[in-house]
Amino acid sequence: MKKLLALILTLSLLMGMAVFARAEETLPDHPVDIELWTDFTIDEAIMQKAVDDFNAAYADKGYTVTLNKFAGSQRTTLINGAIENDTLPALLFSAWFTTADYVHQGLVEDITDLIAPVRDDLYDAVYDACVIADKAYMVGMYQSYFGLAYNADIFREAGLDKYITEDANEWARWTMAEFEGDILPTLAKYFEGSEKYPIALFAGDNQADTFTLNWLSSLGGQMWKDGKSNAGADENVIAALEKMISWTENGLTNSDVITRSGTEASPDFRNLNSGVCSCQVSNHTSWLNAMANGSSTQFDLRMATVPAVINGEDTNILANYVYGACVMNNGKADQIAVGKEFLRWLLQGGENLDAINNNAIPCFRSIADASTDPFVPATTKNADLIWDFTGGVPGYVATRSHLFPAIQAAYSGDKTPAQALADYSAEANAIIEEYVENSLVLH
Amino acid sequence: MKAMTERKLRENLSAYLFVGPFVVLCALFIIYPIFRGFINSLYNTKWRATVYVGLQNYKTIFSNATSMLAIKNSLLFVATVVPLLIIFGIWISGSIFDKRRLYVSGVRAVLYIPVIASMVVMSIIWRFILDSQSGLVRYFCMLLGLKPVNVLADPTYTIYLLIFILFTMNIGQCVVLYTADMLSIPNDLLEACRIDGGGRLDMFRYILIPLTKNTTIFTFITQTASVFKVFIVIQLLTRGGPNYKTTTMMYLLYEYAFGNNINTGVASAMGVLMFVISLVLITLRFVFIRREKEAM
């Protein structure tokens, strides 16, 4: 018996060593420099610390990671330039919905095995969001619900106290009737005679267009159906666009919707030029940080869900961004190996993974459970309001190029809302078909 | 014979050395990209493979309504802005060149400021003026008790506003060139015109326009190329909107190359088309000049 136990133990040790040796074998035995690109809405110091810690841990191997943090508005230009110049980074930390198109183009590595050890700790919704054809291409780092931010100070001054939640961490849930019948008109009256306005709508480009999608879905319309764009065929989406236009015509929004970019809306809000603004949780975190360190105007920043009426009943909706990490298939085996090693190292846990996750809503159960921030449970209890704003359609990012021109066409009177959305759906469906046909991961 | 060749080579060596760097840089950064752009326009590289598609990328452009609108808009820019620049360049210069030096310099300096200030700065200034939420337009609308009008969002008229803006940004350069040319016209000719009883209009017709022909040719070539490539004004003021109504070929090329729906092959094809159209326009101008000379 003892001999048998000794044999099993020896064999197990040998197998373990073999596995370990194989893992080591895949790593380059020479110095490798890789880049980590990110558009995370996160304090750069948090990402830099993670990179510095990895560089220190792997100093003996000569692996060096260099951080390149840029604004989300620059992402497409930078990545497309890198694709053309064959200079893609080994690591990309970004939102899943912006990365999925690159997966279909064969530019992202399958990291299912790499995620396996932490799979159970990841929220199912987070893991599932980053899976295409049963393979995981991104590991979630944090989630960021996308709803509304409002300035409670302005609300109080305007006499809208009853719409402010008692607990500062609670997300307000206004009804559509309250929102368009009382909140927006009251704010419009409060701002009358100035350049300020109740809420920003924007269609100058596709920045923050998720906010527009939230509103287009607010009357129960389905933007996507059976893997296709459905906006042009759904009366409720058309009605929602008509409602948005009527808000602008009635002075409830900014007047320059057609030329306003989503990136211009939040500075206006933070400079107290509007009362309500599109906002995601990670923005909320960084805006609060900016107020705390005195680099931005102080005000009582609160969050709210998007009012909606679905099947005749008042409800609220939210979009959710899963921000995560992926390894890019840049054709350089050494860099890919070190990129995967970086993720493997990061997923072992510790303060770096905690810090990134706590930037907004954690993707890992253990980190969320350990969080002492009361804003986290106050936020996650709205999880049932989340709708799938991408429909999981291949080529979603590419379809975005056609949404804002459609909104512009409707707003400028060049087309009726129905015609504009029908044309958008036709363009979007042509792109989806191209992606389905050519996708390098679906076939 | 060999000694003669060597001597000739020695004599011309300094000239070759002067020209050499330009030839190398030109080949590297102008000739090669043009050649490469043409090659790229025959391939599709979107799906991790370089697939030869022949003229498919060109077909894509000509079968796409947005691309055709962009071509039309680019040609409209050239067809309106370039003649306006030439006409107003001659008119303004002809009206000031024989005035007091200080006055001439003052006018030239004022008109040249937009050229020095760069298109980005000028576009931002125009945005400050025209923005319907916080611009001067809003201020005046409110002063007059009117609803704010977003003049950058009209599907019909915004492009004409952009034409005017582009004109204001480039007119300074034309005036400087024409004025310099007109100042070099011998005073005898101008005096003779006056003695013969010629008025301002005659001076324009018989002296200024014919004697500044070289400047007109130069202005036509440089401004055609410049206006055809208009991008910054579009990007900063309308982003090609509303609904592509102000999209130009250059803007669409950028969208194909760096936008969400990347397609480098189509972007390259658009670049080649721009090159060909510019070449045709400029060649036509030279043909016209040659015919004019032959007729004289």
Open item on the list: Considering only residues that are more than 18 Å from A:L403 (Cβ to Cβ) and open to solvent by 10 Å² or more (accessible area, probe 1.4 Å), which ones fall in the range A:253-264?
Closed with: A:S255
- [ ] Give the residues of the range A:83-124 that are in contact (Cβ under 8 Å) with a residue 40 or more places away in the chain, in a helix (DSSP H, G or I) and among the small types (G, A, S), sorted by residue number.
- [x] A:A100
- [ ] Test B:T50 against the criterion of being farther than 18 Å from B:L253 by Cβ and touching a strand residue (DSSP E or B) at 6+ places or on another chain (Cβ under 9 Å), and give yes or no.
- [x] yes
Task: Matching option when the condition is of a type in the set (A, V, I, L, M, F, W, C) and in contact with a strand residue (DSSP E or B) (Cβ under 9 Å, 6 or more places away or on another chain), among A:V306, A:V397 - done: A:V306
Task: Which listed residue, of A:G72, A:G140, A:G147, is within 21 Å of A:A319 (Cα to Cα) and within 14 Å of chain B (Cβ to nearest Cβ) - done: A:G72
Task: strands (runs of 3 or more DSSP E) completely within the range A:305-416 that count 1 or more residues being at positive phi - done: none
TODO: Out of A:A21, A:A50, A:A45, A:A56, report the one residue that is more than 28 Å from the chain's Cα centre (by Cα), modelled with pLDDT of 90 or more and in a helix (DSSP H, G or I).
DONE: A:A56
Open item on the list: Can you find a residue that is among the β-branched types (V, I, T), buried (at least 19 other Cβ atoms within 10 Å of the Cβ) and over 27 Å from B:T247 (Cα atoms) anywhere in the range A:208-229?
Closed with: no
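Residues checked against (1) open to solvent by 40 Å² or more (accessible area, probe 1.4 Å); (2) within 14 Å of chain A (Cβ to nearest Cβ); (3) more than 20 Å from A:S261 (Cβ to Cβ):
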position: B:G89; (1), (2), (3): no, no, yes
position: B:D98; (1), (2), (3): yes, no, yes
position: B:S105; (1), (2), (3): yes, no, yes
position: B:V115; (1), (2), (3): yes, no, yes
position: B:I125; (1), (2), (3): yes, no, no
position: B:S134; (1), (2), (3): yes, yes, no
position: B:C141; (1), (2), (3): no, yes, yes
position: B:P148; (1), (2), (3): yes, yes, no
position: B:A153; (1), (2), (3): no, yes, no
Task: Matching entry among A:E84, A:E109 (being modelled with pLDDT of 95 or more, touching a helix residue (DSSP H, G or I) at 6+ places or on another chain (Cβ under 8 Å), within 14 Å of chain B (Cβ to nearest Cβ) and open to solvent by 20 Å² or more (accessible area, probe 1.4 Å)) - done: A:E109
Open item on the list: I'd like the full set of residues that are among the basic types (K, R) and farther than 26 Å from A:E249 by Cβ, limited to the range A:410-441.
Closed with: none
Task: Test result for B:L208, hydrophobic (A, V, I, L, M, F, W, C), out of contact with any Pro (no Cβ under 9 Å at 6 or more places or on another chain), farther than 30 Å from A:H104 by Cβ and surrounded by 21 or more Cβ atoms within 10 Å (Cβ to Cβ) - done: yes
Open item on the list: If I ask for residues that are over 25 Å from the mean Cα position of the chain (by Cα) and surrounded by 17 or more Cβ atoms within 10 Å (Cβ to Cβ), which ones from the range A:163-174 would you list?
Closed with: A:Y163, A:I164
TODO: Output the helices (runs of 4 or more DSSP H) that fall wholly within the range B:219-296 and possess 3 or more residues being more than 14 Å from chain A (Cβ to nearest Cβ), or say none.
DONE: B:264-295
- [ ] Could you please let me know if A:A420 is of a type in the set (A, V, I, L, M), open to solvent by less than 10 Å² (accessible area, probe 1.4 Å) and assigned by TED's automatic domain parsing to the domain that holds A:L201?
- [x] yes
Open item on the list: It is to be established whether one or more residues within the range A:265-273 are assigned to a helix (DSSP H, G or I), modelled with pLDDT under 95, crowded, with 23+ Cβ neighbours inside 10 Å and within 24 Å of the chain's Cα centre (by Cα).
Closed with: yes
Open item on the list: So in the range A:253-264, with the set limited to residues that are of a type in the set (S, T, Y) and outside any helix (DSSP H, G or I), which one is nearest to the chain's Cα centre (by Cα)?
Closed with: A:S261
Task: Residue that is modelled with the highest pLDDT [pool: residues in the range A:24-42 that are assigned to a loop (DSSP other than H, G, I, E, B) and under 30 Å from A:L288 (Cβ atoms)] - done: A:D39
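To keep it simple, each residue is scored yes or no on (1) touching a Ser or Thr at 6+ places or on another chain (Cβ under 9 Å); (2) open to solvent by less than 30 Å² (accessible area, probe 1.4 Å); (3) within 13 Å of chain A (Cβ to nearest Cβ).
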{"residue": "B:V121", "(1), (2), (3)": "no, no, no"}
{"residue": "B:F128", "(1), (2), (3)": "yes, no, yes"}
{"residue": "B:R138", "(1), (2), (3)": "yes, yes, yes"}
{"residue": "B:I159", "(1), (2), (3)": "yes, yes, yes"}
{"residue": "B:F164", "(1), (2), (3)": "no, no, no"}
- [ ] Looking only at the range A:406-443, count how many residues are within 10 Å of chain B (Cβ to nearest Cβ), in contact (Cβ under 8 Å) with a residue 24 or more places away in the chain and touching a Pro at 6+ places or on another chain (Cβ under 8 Å).
- [x] 6
TODO: Starting from residues that are away from every other protein chain (no Cβ under 14 Å) and aliphatic (A, V, I, L, M), keep the ones in the range A:178-207 and report whichever is farthest from the chain's Cα centre (by Cα).
DONE: A:L187
Task: Unmet criterion (only one of (1) out of contact with any Ser or Thr (no Cβ under 7 Å at 6 or more places or on another chain); (2) within 14 Å of chain B (Cβ to nearest Cβ); (3) surrounded by 19 or more Cβ atoms within 10 Å (Cβ to Cβ)) for A:V397 - done: (1)
Task: Pick from the range A:324-344, criterion open to solvent by 10 Å² or more (accessible area, probe 1.4 Å) and not small (G, A, S), ranking: farthest from the chain's Cα centre (by Cα) - done: A:D334
Task: Residues satisfying the stated conditions in the range A:63-81, i.e. buried (at least 17 other Cβ atoms within 10 Å of the Cβ), modelled with pLDDT of 95 or more and among the hydroxyl-bearing types (S, T, Y) - done: A:Y63
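The values are calculated or read from the model by the stated rules, or taken from the named source; none is laboratory data. Nothing here was measured: the structure is a model prediction, and the numbers come from that model. Heads up, the Cβs are rebuilt from the backbone with ideal geometry, glycines too, and the neighbour counts pull from every protein chain shown. What goes into the accessible areas is simple: the full protein's heavy atoms, side chains included, and nothing from ligands, DNA or RNA. Shrake-Rupley method; radii C 1.70, N 1.55, O 1.52, S 1.80 Å.
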